[in-house]
Amino acid sequence: MTAEIESPVIQVTGLTKTYGSVRALDGLDLSIPRGGVYGVLGPNGAGKSTLFRILLGLIRPTAGTATIMNGPVGDIAPMRLTGSMIETPRYPPFMTARQVLSWLALEHGIAGTADIPYWLERVGLSEAADRKVRGFSVGMMQRLGVAAALISKPELIILDEPTSGMDPPGIQEMRALIRSLAHDDGLTVVLASHQLLEVQRVCDRVAILNKGKLVREGAVSELTAVGERLRLSVSPVDQVLAALGTKGVRDGDAVLADIPRTEGPALIRALAEAGVDIHEARWVGTDLEAIFFTETGAVQAPETIHAG
Amino acid sequence: MLVDAIRAEGFRLTKNRTALFWSLVFVPIIAIVIGGLTNFVLKGSETKLLGDTKMPPEMREALLNRGTLDMGGALVEAAASLANPLVLLFVLIGAATVYAGDYRWETWRLISARNSRINLLLAKLAVVAGLALAAMGFMLVADVIENLIKAAVFERTLTFTLTGEGAAHFIGYFALSLLRIVQFTMMGMLAAVMTRSLLAALFVPLVFGVAQFFTTNPLMQMGVMPDAWLAILVNPGSATDAIQAAIGGGERAAGLPDGILLKAWFSVALWTLAPLAGALAWFRRQDLSKE
């Protein structure tokens with residue numbers, strides 16, 4: 001791999017943005033690697049949108065530095081490698097979806113409009129291509145926003161709440177599209193979302209922001225593996241709890257065993273030999289939602305353990 | 001790139017049929033309709049007068065002496081009045097749409113990251129100048145049609161005479177009218193950028209346009225004569241009138257006070273470039289995340 005390929009697509013150092021007395025970003029340090037889908041999480045006011053707006057040159061940081069596609073934010077050259085959709089996109093209402101993409105292609109200096117039907121089809125808007133956008137639903141606006149972000153064939157695409165306002169089938173299609181863009185088209189996708197389960201399903205890595213600072217960062221698989229436990233549906237439960245001692249807790253009709261994966265097979269063998277009926281045994285991890293609530297200090301929902 | 005931004009802005013404007021209708025087509029249609037109707041009304045009055053047997057023969061002869069209608073001269077005259085309030089008002093509607101559209105439709109975030117802000121604003125200016133040019137062209141076409149109607153109604157012979165001097169006058173008047181319209185739209189640009197409002201982009205230049213005509217009397221009461229620097233600077237309309245008189249030559253040009261042209265050009269340049277510079281400076285640092 002060359003140095004360029006290995007270099008992060010986004011590098012943020014000590015990034016601070018204040019609005020009066022409010023610190024939207026507070027010395028944020030973040031490095032987003034090339035490739036895959038990267039999620040930026042955080043409660044309202046965590047600084048996600050401010051970060052995206054700075055990266056896209058819409059606003060200026062109060063302090064700190066940020067680079068995008070190896071260039072300083074605000075420069076045109078790196079932005080020509082970047083597509084974006086910030087919040088629910090809006091368009092001139094008198095234009096059709098096809099005209100919107102043609103207009104943006106001209107804005108971006110792209111010769112020809114041959115790719116427009118392809119991207120309209122890719123986001124599921126072929127049939128609405130020649131309808132005026134004033135009649136579009138929020139979900140259709142989002143789809144057109146993604147097509148608009150892709151029309152310039154970027155290497156990096158930044159999506160702010162890409163599934164906002166979409167119905168469940170639309171969310172599923174968007175999720176598939178995002179993963180396909182990253183894994184089939186080789187784009188780096190950076191997205192922000194409030195839907196944590198959504199992020200867990202679609203993202204390879206995540207960063208959790210709180211009060212303008214980075215509080216957790218890593219691969220989703222690594223983050224959710226921490227706190228992993230073996231869930232045993234057994235009878236009698238009390239016998240297993242007694243055998244596990246402090247490593248076991250009751251979870252309804254089952255037992256959660258806090259042991260390393262390597263000790264799992266031996267435990268199951270030992271329980272079977274001791275005459276315990278084992279109906280089901282599976283590893284469960286902590287999901288992003290639990291991590292999110294822990295890291296941001298928000299009030300946690302009662303049920304935080306889900307199947308991994 | 002500036003060229004990309006101009007092409008995109010132009011493309012978007014061509015899809016905005018409402019703005020194009022009001023900016024380009026409405027006033028010429030009104031001009032043709034009103035001009036045509038006026039000719040028919042005048043013709044009716046003339047017919048009535050000619051039917052009066054008591055009319056003196058000299059007057060009858062004067063009325064029946066149709067003469068010719070010189071389209072070349074009519075075009076030169078029309079070029080001198082292209083920046084009239086009606087054309088100005090309706091071009092400003094289109095200009096306000098161009099300047100404030102991205103705030104209104106919340107579309108700055110779609111385009112501002114990939115081009116320099118100066119290019120984006122200059123592209124709007126170029127497109128508005130093109131719009132003004134087209135509106136002036138349509139007005140000239142309307143003037144030709146109106147004169148054709150006049151010639152038909154009054155049975156006048158059409159001629160077309162345009163000498164070198166006449167052509168120079170036409171070009172000078174046309175360019176000055178264009179500059180005057182663009183000057184007003186510059187104020188619209190500044191208002192749009194500062195307020196993010198389409199209505200402000202439309203009404204601020206109109207208010208300035210009206211207000212400047214009321215500056216002469218108060219200034220004279222303060223002892224400032226109409227040809228003084230201050231009077232010319234606060235009233236670019238009078239500056240344009242002076243330049244137009246100079247272009248036309250003849251008695252009007254000869255009657256211009258000494259040194260007024262320098263003041264006039266300075267005033268026109270100031271009112272054209274200052275709003276542009278202000279808009280560019282403001283826009284460069286503007287938070288575009290919330291249109």
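The values are calculated or read from the model by the stated rules, or taken from the named source; none is laboratory data. Given the structure is predicted, the values throughout are model-derived calculations rather than measurements. Don't worry about glycine lacking a Cβ; one is built from the backbone with ideal geometry, like all the others, and counts go over all protein chains shown. We work out accessible area using only protein heavy atoms, side chains counted, and drop any ligands, DNA or RNA first. Shrake-Rupley method; radii C 1.70, N 1.55, O 1.52, S 1.80 Å.
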I need the full set of residues from region A:172-190 which are part of a loop (DSSP other than H, G, I, E, B) and of a type in the set (Asp, Glu), in order please. A:Asp184, A:Asp185
Does region B:283-291 contain any residue that is closer than 30 Å to B:Ser116 by Cα, in a helix (DSSP H, G or I) and not acidic (Asp, Glu)? yes
How many residues does region B:120-163 contain that are of a type in the set (D, E, K, R) and closer than 30 Å to B:Arg284 by Cα? 1
Checklist (1) of a type outside the set (Phe, Trp, Tyr); (2) within 10 Å of chain B (Cβ to nearest Cβ); (3) out of contact with any Ser or Thr (no Cβ under 7 Å at 6 or more places or on another chain); (4) under 21 Å from B:Met1 (Cβ atoms) applied to A:Ser102, failing item: (3)
Condition first: among the aliphatic types (A, V, I, L, M), within 17 Å of B:Thr107 (Cβ to Cβ) and touching a strand residue (DSSP E or B) at 6+ places or on another chain (Cβ under 9 Å). Can you find one or more residues in region A:94-104 that meet it? yes
If we keep just the residues of region B:149-183 that are in a helix (DSSP H, G or I) and surrounded by fewer than 15 Cβ atoms within 10 Å (Cβ to Cβ), which is nearest to the chain's Cα centre (by Cα)? B:Ala175
Among the candidates B:Thr47, B:Thr53, B:Thr18, B:Thr38, residue that is open to solvent by 60 Å² or more (accessible area, probe 1.4 Å), over 22 Å from B:Thr240 (Cβ atoms) and within 14 Å of chain A (Cβ to nearest Cβ): B:Thr18
Since B:Leu133 meets every condition but one in (1) facing chain A (nearest Cβ under 9 Å); (2) surrounded by fewer than 21 Cβ atoms within 10 Å (Cβ to Cβ), which condition does it not meet? (1)
Which helices (runs of 4 or more DSSP H) sit wholly inside region A:1-113 and have at least 3 residues that are without any contact (Cβ under 8 Å) to a residue 40 or more places away in the chain and under 20 Å from A:Met141 (Cβ atoms)? A:97-107
In region A:184-193, anything open to solvent by 20 Å² or more (accessible area, probe 1.4 Å) and without any contact (Cβ under 8 Å) to a residue 40 or more places away in the chain is listed as A:Asp184, A:Asp185
Give me the residue from region B:107-121 that is open to solvent by 20 Å² or more (accessible area, probe 1.4 Å) and charged (D, E, K, R) and, out of that set, nearest to A:Pro72 (Cα to Cα). B:Arg117
Give A:Ala77, A:Ala63 a once-over and let me know the one that is modelled with pLDDT of 90 or more and under 27 Å from the mean Cα position of the chain (by Cα). A:Ala63
Of all the residues that make up region A:146-171, how many are assigned to a loop (DSSP other than H, G, I, E, B), within 13 Å of the chain's Cα centre (by Cα) and among the β-branched types (Val, Ile, Thr)? 1
